[in-house]
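Enquirer: Please see the structure below; I have some questions.
The values are calculated or read from the model by the stated rules, or taken from the named source; none is laboratory data. Keep in mind that what you see is a predicted model, and the values were worked out from it rather than measured. With ideal geometry, Cβ positions are generated from the backbone for all residues, glycine too; neighbour counts draw on all protein chains shown. To get the accessible areas, we keep the full protein, side chains included, count just its heavy atoms, and leave off ligands, DNA and RNA. Shrake-Rupley method; radii C 1.70, N 1.55, O 1.52, S 1.80 Å.
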Amino acid sequence: MHPAVAVGLVFGGCCSNVVFLELLAREFPGCGNIVTFSQFLFIAVEGFIFEADFGRKRPAIPIRNYFIMVAMFFTVSVVNNYALNLNIAMPLHMIFRSGSLIASMALGIIILKKRYSVSKYTSIALVSLGIFTCTFMSAKQVASDSSLNQEDGPQAFLWWLLGIAALTFALLMSARMGIFQETLYQKFGKHSKEALFYNHALPLPGFLLLAPNIYQHAVLFSQSELFQVPVIGLTLPIMWFYLLMNVITQYVCIRGVFILTTECTSLTVTLVVTLRKFVSLIFSILYFQNPFTAWHWLGTAFVFLGTLMYAEVWNSLRLLLARCRGRRRKGE
């Protein structure tokens with residue numbers, strides 16, 4: 001498949017997914033579990049049919065390693081979704097998760113004993129500063145909003161702090177999972193599609209622990225207003241429609257990233273994913289009218305500037321310009 005198609009899948013799928021997730025979270029902030037379960041179930045069924053060949057294909061990586069990876073993956077997914085129920089706004093949620101470079105570098109230094117260039121450390125400093133700026137300004141907003149009700153104010157701020165702690169934990173756990181996955185790929189070879197299937201299929205029994213919450217939100221979704229799906233004319237509760245679209249766009253997003261990793265360099269993948277996050281952030285702020293001050297914009301700029309610097313986009317642009325000049329001179 002052409003890389004341009006993969007880029008289109010990433011932008012179309014991931015950006016649409018954020019929209020439907022926010023539509024769900026705005027109506028029912030605690031719906032993260034049913035959303036995660038639906039995504040896992042859909043991808044697991046698709047992988048069972050097309051990747052595992054109905055269970056007849058043996059995994060290339062020993063199954064015990066997948067159980068370790070799955071425990072990390074399941075924890076990260078649930079904690080990230082649950083953070084939305086802890087006074088964490090969607091823009092801050094997206095920006096905070098963009099700080100995965102910080103966690104990856106920190107754990108790379110500690111666990112893999114890696115060393116980085118000055119530009120890499122500078123980029124991480126910019127990302128850290130951006131996240132700190134957005135976090136601090138959001139904290140002031142929460143404190144200001146809660147001051148209207150002195151009784152609920154401290155409690156709201158404590159829930160917000162718990163949300164920040166949850167996002168931090170998920171960030172570090174996600175980075176640790178990345179290092180573990182990198183080690184597995186070095187040892188057994190790259191099997192991204194297989195890992196995608198097992199990461200979503202093996203955790204499914206764990207959702208039994210969340211069954212009451214999932215059932216509760218399924219009932220609430222069924223009680224939402226009816227919506228007629230365009231073109232096909234099917235009528236169903238609007239929250240189920242949002243959930244269906246969220247699941248489909250999540251699958252498109254993940255498949256797009258997978259195709260991109262097989263067709264392009266890691267630099268291109270990093271750039272596309274970073275730009276996708278930026279587009280999603282801008283759309284979320286403008287369309288849903290989320291509170292965003294000039295300080296938030298500055299913090300956002302630091303996050304994405306640092307990410308692009310980490311990916312060495314500037315060096316690639318210099319090389320590209322140098323090649324263009326060289327071709328022009330040859331043409332002369």
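Enquirer: Can you pick out the pairs among 57/193; 120/190; 113/193 whose Cα atoms lie more than 21 Å from each other?
Expert: 120/190; 113/193
Enquirer: Ordering 182, 46, 194, 225 from largest to smallest accessible area (1.4 angstrom probe), what's the sequence?
Expert: 225, 182, 46, 194
Enquirer: From largest accessible area down, sort 26, 115, 58, 255; use a 1.4 Å probe on the protein chains.
Expert: Heavy-atom accessible area, descending, gives 58, 115, 26, 255.
Enquirer: With every protein chain left in place and a probe of 1.4 Å, what is the accessible surface of residue 193, to the nearest 10 Å²?
Expert: Its accessible surface works out to 60 Å², give or take rounding.
Enquirer: Please say if the range 163-215 is rounded, prolate or oblate, where rounded means a/c under 1.5 for a ≥ b ≥ c the square roots of the C-alpha gyration tensor eigenvalues, and otherwise the choice is prolate for a/b larger than b/c and oblate otherwise?
Expert: oblate
Enquirer: How much solvent-accessible surface does residue 185 expose, in Å² to the nearest 10, with a 1.4 Å probe and all protein chains in place?
Expert: Rounded to the nearest 10, the figure is 40 Å².
Enquirer: Another one. Lys and Arg at +1, Asp and Glu at -1: add these up for the other residues within a Cβ distance under 15 Å of residue 44 and post the number.
Expert: -1
Enquirer: In square angstrom, what is the accessible area per residue of the range 1-96 with a 1.4 angstrom probe?
Expert: 43
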